[in-house]
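These notes are about the structure you will find just below.
Every number in this text was worked out from the coordinates using simple rules, so none of it is lab data. Only a predicted model underlies this, so the values are computations on that prediction, with no experimental measurement involved. Here the Cβ is made from the backbone with ideal geometry for all residues, glycine too, and neighbour counts use every protein chain on show.
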Amino acid sequence: MPLKGGRLPKSGSRRLGLDSFGLSPEHVRTLRALKTPARIQRFVDALEYQYANTARSPQRVLRERKGHCLEGALVAAAALRINGYPPLLMDLEAVHDDDHVVALYCERGLWGGIAKSNFAGLRFRAPVYRTLRELALSYFEQYYNLRGERTLRAYSRPVNLARLDRRHWMTAEEDVWFVPEFLIAARHYPLVPGKVARALPRVDRRSFEAGMHGWVKH
């Protein structure tokens, strides 16, 4: 999918929303009711956060109503697709920390993001970012580990999950580990020069505690 200046227009047709993509009628109705990215984010937030070594498909997450970062992004991508957007994900790559996955959408040529996270500041982004780099950088200050180290280092190009339709990423009953593998293999772009990264101060206590609001323990 070609990019120009880091931008991608939203799908020009809503006909995508008329296809179930193999989802059950009940799950299609659930996703179709989430007509805006903000509604999708609220739905993703309401899922029970669960630490688990899983990669559930959107259909499984819709059935079980629980999930983590990757699974929340997959459900968001499915909901965006049902409502006429391309199912795009972006990987945020970290050091001494977990990666983070964001579902992407574009409104009027500007990027936004939908995500599930145990950190308060790593979730929704309104569509105000001109490039994916700008969007990725918006997560930088809130992206830290339990030692207070700022850990975000790179972001991936958009990954269109439509390329994985043959593997049934939306409906598979087995874990869809091929999705994170696809994300990891995508081209990544550095956000911070190495010398700068090594000199970064730790997050101050107030900011650290604010980002931990609503934290779900293991």
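Some points to look at:
- Residues satisfying the stated conditions in the stretch 27-62, i.e. among the charged types (D, E, K, R), more than 14 Å from V176 (Cα to Cα) and touching a residue at least 12 places away in the same chain (Cβ under 8 Å): R32, K35, D45, E48
- Selection of first residues in the stretch 85-98 that are surrounded by fewer than 24 Cβ atoms within 10 Å (Cβ to Cβ) and of second residues that are in a loop (DSSP other than H, G, I, E, B) and among the β-branched types (V, I, T), restricted to Cβ pairs under 8 Å at least 6 apart or on distinct chains, gives the following pairs, ordered by first then second residue: A94/T151; V95/T151; H96/T151; D97/T151.
- Among the residues of the stretch 191-218, the one identified as of a type in the set (D, E) and either more than 20 Å from S138 (Cα to Cα) or assigned to a loop (DSSP other than H, G, I, E, B) (or both) is D204.
- Among (1) within 19 Å of the chain's Cα centre (by Cα); (2) small (G, A, S); (3) assigned to a loop (DSSP other than H, G, I, E, B) - the single one A154 does not satisfy: (3)
- The set of residues in the stretch 99-112 being more than 11 Å from V128 (Cβ to Cβ) and in contact with a helix residue (DSSP H, G or I) (Cβ under 7 Å, 6 or more places away or on another chain) consists of H100, V101, V102, A103, Y105.
- Among the residues of the stretch 117-131, none qualifies, meaning not one is in contact (Cβ under 8 Å) with a residue 40 or more places away in the chain, in contact with a Leu (Cβ under 9 Å, 6 or more places away or on another chain) and under 17 Å from I184 (Cα atoms).
- Residue in the stretch 165-173 that is of a type in the set (S, T, Y) and either exposed (fewer than 14 other Cβ atoms within 10 Å of the Cβ) or in contact with a strand residue (DSSP E or B) (Cβ under 9 Å, 6 or more places away or on another chain) (or both) present: no
- The combined condition, being more than 23 Å from Y49 (Cα to Cα) and either in contact with an Asp or Glu (Cβ under 6 Å, 6 or more places away or on another chain) or of a type in the set (A, V, I, L, M) (or both), is not fulfilled by A210.
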